[in-house]
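The values are calculated or read from the model by the stated rules, or taken from the named source; none is laboratory data. Predicted, not measured: the structure shown is a model, and the values here were computed from it. Note that each Cβ is placed from the backbone with ideal geometry, even for glycine, and that neighbours are counted across all protein chains shown. Quick note on the areas: whole protein, heavy atoms, side chains included, nothing else; ligands and nucleic acids left out. Shrake-Rupley method; radii C 1.70, N 1.55, O 1.52, S 1.80 Å.
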Amino acid sequence: MNKVVSKDGTELAYDMTGTGPGLVLIAGAFTGRAYFAEYAEALSSAFTVVNYDRRGRGDSGDTTPYAVEREWEDLHAIQSATDAQFACAFSSGVMVLLQAGLPFEKQAVVEPPFRVEGAPPAPERYLERLQEYVAAGNAGGAAELFMVEAVGQPREVVEQIKQTPMWAGLEAMAHTLVYDALQLRDSAVPVELLASIDVPTLGLYSNASPEWLQRSVQEAVAALPQGTVEGHDGTFHTLPPETLTRVLSDYFLSA
């Protein structure tokens, strides 16, 4: 494990795996460095993979009050420390990448959850309720709100997860659900922001994801000056590590 200090003094933990051009992985909500270990291992056959814990997660520090700009500075610190050429962001982590304004040579985004036509409605007072749970020290309430109302997992499945060791880890990062909600703004496709990003960008989605998530990627890529979109076999909101390795190798390493 390596560490770098961000602009505000927060220590960020990251691993570097493999050889080749540098590729930063940017996690979405409720995931961190440990979750992407399998991806890092697969991708290390073609890249030097930079797998970091976003602030407030895993071995990275945190500061209060939170501001979205701090995570953009974090990504700057990670790239400066590793000299990574490429980036791949997942789910709500896509907005950290897009708003950071870093000069990556190429980048990829995997299923940003913009609420396009056909998407389920956002939970009522979602951000406010998350903040209330966190302020009250009710990490479990925040986690359950996200998993049941935002993601759509059956409540009985969440109740089963609560009985496993996994639940403690989810509660430990539940406060960062507020961070992702703030990064996503109003969850609409940020057309003006996307139009300003003149970086070759590959948008990816799983063919097994709901149609609205696939459409979210397609609409986001359509707003980019240099965007390409592809769908591949996978599971809900997830592409297999071997698929991602093949696709990113083809895209990032082509002339």
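The table for this structure:
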item	result
Residue match in segment 63-81 (condition: open to solvent by less than 70 Å² (accessible area, probe 1.4 Å), farther than 24 Å from Met1 by Cα and in contact (Cβ under 8 Å) with a residue 24 or more places away in the chain)	yes
Residues (touching a residue at least 60 places away in the same chain (Cβ under 8 Å) and either open to solvent by 40 Å² or more (accessible area, probe 1.4 Å) or out of contact with any strand residue (DSSP E or B) (no Cβ under 7 Å at 6 or more places or on another chain) (or both)) located in segment 35-54	Glu38, Glu41, Ala42, Ser45, Ala46, Arg54
Subset of segment 161-172 [more than 23 Å from Leu213 (Cβ to Cβ), among the aliphatic types (A, V, I, L, M) and open to solvent by less than 60 Å² (accessible area, probe 1.4 Å)]	none
Residue, farthest from Leu98 (Cα to Cα), within segment 158-178, restricted to residues that are in contact with a helix residue (DSSP H, G or I) (Cβ under 7 Å, 6 or more places away or on another chain) and of a type outside the set (Val, Ile, Thr)	Trp167
Verdict on Val158 being open to solvent by less than 60 Å² (accessible area, probe 1.4 Å) and over 30 Å from Gln218 (Cα atoms)	yes
Elements of type strands (runs of 3 or more DSSP E) contained in segment 46-128, each with 2 or more residues being closer than 19 Å to Thr17 by Cα and touching a Lys or Arg at 6+ places or on another chain (Cβ under 9 Å)	48-52, 86-90
Members of segment 15-30 found to be open to solvent by 20 Å² or more (accessible area, probe 1.4 Å) and in contact with a strand residue (DSSP E or B) (Cβ under 8 Å, 6 or more places away or on another chain), listed by number	Asp15, Met16, Thr17, Gly18, Thr19, Gly20, Pro21
Considering residues of segment 110-130 that are in contact (Cβ under 8 Å) with a residue 60 or more places away in the chain and open to solvent by 50 Å² or more (accessible area, probe 1.4 Å) only, the residue farthest from Arg185 (Cα to Cα)	Gly118
Members of segment 174-215 that are farther than 26 Å from Gly152 by Cβ and in contact with a Phe, Trp or Tyr (Cβ under 7 Å, 6 or more places away or on another chain)	Val199, Leu202
Qualifying residue in segment 95-104 (condition: at pLDDT 95 or above and surrounded by fewer than 17 Cβ atoms within 10 Å (Cβ to Cβ))	no
